[in-house]
Structures are given as C-alpha cells and as structure tokens.
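S.K.: Let me begin by handing over the structure; questions about it come next.
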Amino acid sequence: MFRSRSWLIKNYAELGKTSTELGKEQNVSHKTILYWLEKYNIPRRHPAHKENKGENNYFWSGDNVSYAGLHHWLEVNKPKTGICDICNKYKKTTYANISGEYRRDINDFGELCYSCHCLFDKLNQTHKKQLEGKQ
Ligand SMILES: [Zn+2]
C-alpha cells in the first residue's frame, strides 16, 4: 500500500498521519515511508505543523497548485531564514520563483528581500545565474 502514490497522499497529506504511524501500520520503517514520499515528490510536513493537518487539504485538490497553496507549502517546507539569497542581508524577505515555472520544488525558490526581488524580476536571467552559482 505504501508504494501507492494516492494512498500516501491520502494518509500522509490529507489525513495527516506521520511517517512513523504509517510505517507501523504497514510494518515497515518510517524511513521506508519517507523514501516513497520523496520518490513521489510529496512534500514533507514540518513537524511543528502537524496539528494544522486540516489546513493542508486544499493544497491537494488537484494537480494544479494554487498560488496560495504553493505559498503555504513553501512556508512549511522552506521556512524563511530572513536572509536574502542575493545580497545576504538580514531583511524582510519574500519567496521568489527562480525558473518562473512555479514548480513544486523547493530548490526552484529563493528567498529575496524586497529590493532584490524587484531587481530579480527585471534582470531575471542574470540573478538566476547568481542563485544557481551559489548552490
Ligand atoms: Zn537582497
């Protein structure tokens, strides 16, 4: 069962069960569950958000990720550090999509301060290279 993507989404993402709980149910290690979550590109929950499990439901209403759902997912999976990826200053930051495709991939998002975000939008290609060079 744990090899089924829809089963994992239903139990992990919708019902909010933990990988440990699912592992016990299926008689496997929680690492096995995590392995399959990763394989299917199912975002891992931040442990601190476990009690908010109901809130994540709207995110799974289909393959199209709404902007609000994506933003929430980013906050859970890529918590802000408060440090801009471009100027490395500690400022108020926002998420910036690097590829412009809004893929459900945390590596496709950077954290930029307001001024760098404006520059980033204007000089998208240049800053894209800078970000990629840093990783
Ligand atoms: Zn900046």
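S.K.: Give just the number: which of (1) modelled with pLDDT under 90; (2) touching a Leu at 6+ places or on another chain (Cβ under 7 Å) does Asp85 not satisfy?
M.R.: Answer for Asp85: the failing condition is (1).
S.K.: Tell me, please, whether a residue that is part of a loop (DSSP other than H, G, I, E, B), modelled with pLDDT of 90 or more and surrounded by fewer than 17 Cβ atoms within 10 Å (Cβ to Cβ) can be found in the stretch 90-102.
M.R.: Yes, some residue in the stretch 90-102 is part of a loop (DSSP other than H, G, I, E, B), modelled with pLDDT of 90 or more and surrounded by fewer than 17 Cβ atoms within 10 Å (Cβ to Cβ).
S.K.: What do you reckon, is Ser115 within 16 Å of the ligand (Cβ to nearest atom) and either at pLDDT 80 or above or farther than 23 Å from Arg3 by Cβ (or both)?
M.R.: yes
The values are calculated or read from the model by the stated rules, or taken from the named source; none is laboratory data. Nothing here was measured: the structure is a model prediction, and the numbers come from that model. Every residue, glycine among them, receives a Cβ derived from its backbone with ideal geometry; neighbour counts consider all protein chains shown.
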